[in-house]
Structures are given as C-alpha cells and as structure tokens.
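The structure under discussion appears below in the form of structure tokens.
The values are calculated or read from the model by the stated rules, or taken from the named source; none is laboratory data. Remember, it's a predicted structure, so these values are computed and weren't measured experimentally. Backbone-built Cβ (ideal geometry, glycine too); neighbour counts: all protein chains shown.
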Amino acid sequence: MPTTVQIRRKGVITLPAELRRRYALSEGDVYTLIDAGDGTFVLVPQVSQVARLGDKVAQTLADDGASLEDVLTALDEERERYYQAHYARD
C-alpha cells in the first residue's frame, strides 16, 4: 500500500510507525540505498557483521548441542590453563 513521506531538513525521511513495527526497524539500523533509476529508490537492510557472526555462533552451538554456559565454562577453564602455563609461579 503506498505511503507518502516527506523529505525534511538534512534529507531526513521518517518512515511510518506501522512500517517500523511491522519490519522491526530501529534507530541505528543500516541500509543500502539503491538508485533504480527514474527517481525510484530501494532500501536494502544491511545485517551487521556482529549480528551475522552471532547467528553463526548460535547455529554452531545448536548443531553441537552446546549451551552458552558450556562455552563460558570452557573459556574459564582455558583461561585458567593459560594463566598456569604462562604466569603461575611454582
């Protein structure tokens, strides 16, 4: 359904609240603006690298049947081994 928006000072365009809610758009989200020609523009969401990598880690954990707590425990254990090997005095 067509929606009318207005370009404001400094080129700011406010998207209607209904669209922001429907597509979970938030302040700070990053988009690529594609000029399709004839005054037509397309906004394409850019997924942050952090979010993409976080999703990849979550999928790997799920595939391996590991929980976040398992990972944190393993990190603590590895940190302790590293400390003992490099800094602990006998």
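Below are the figures for this structure:
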| quantity | calculated |
| --- | --- |
| Near pairs, Cβ below 8 angstrom, 6+ apart or cross-chain, from the stretch 46-69 (of a type outside the set (Val, Ile, Thr)) to any residue that is loosely packed, with under 10 Cβ neighbours inside 10 Å | Gln46/Val30; Gln46/Thr32; Ser48/Val30 |
| Among (1) under 30 Å from Val5 (Cα atoms); (2) surrounded by 10 or more Cβ atoms within 10 Å (Cβ to Cβ), the one test that Val44 misses | (2) |
| Pairs with Cβ under 8 Å, 6+ apart, first in the stretch 2-21 and over 20 Å from Thr40 (Cβ atoms), second surrounded by 10 or more Cβ atoms within 10 Å (Cβ to Cβ) | Arg8/Thr14 |
| Residues of the stretch 22-40 satisfying the condition of being surrounded by 10 or more Cβ atoms within 10 Å (Cβ to Cβ) and either in contact (Cβ under 8 Å) with a residue 24 or more places away in the chain or not hydroxyl-bearing (Ser, Thr, Tyr) (or both) | Leu25, Asp29, Ile34 |
| Conditions (1) surrounded by 11 or more Cβ atoms within 10 Å (Cβ to Cβ); (2) in contact with a helix residue (DSSP H, G or I) (Cβ under 9 Å, 6 or more places away or on another chain); (3) not charged (D, E, K, R): number failed by Leu68 | (1) |
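Table: residues versus (1) assigned to a loop (DSSP other than H, G, I, E, B); (2) of a type in the set (Ser, Thr, Tyr); (3) at pLDDT below 90; (4) touching a His at 6+ places or on another chain (Cβ under 6 Å).
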| residue | (1), (2), (3), (4) |
| --- | --- |
| Leu15 | yes, no, no, no |
| Leu19 | no, no, no, no |
| Glu27 | yes, no, yes, no |
| Ala36 | no, no, no, no |
| Pro45 | no, no, yes, no |
| Lys56 | no, no, yes, no |
| Glu77 | no, no, no, no |
| Tyr82 | no, yes, no, no |
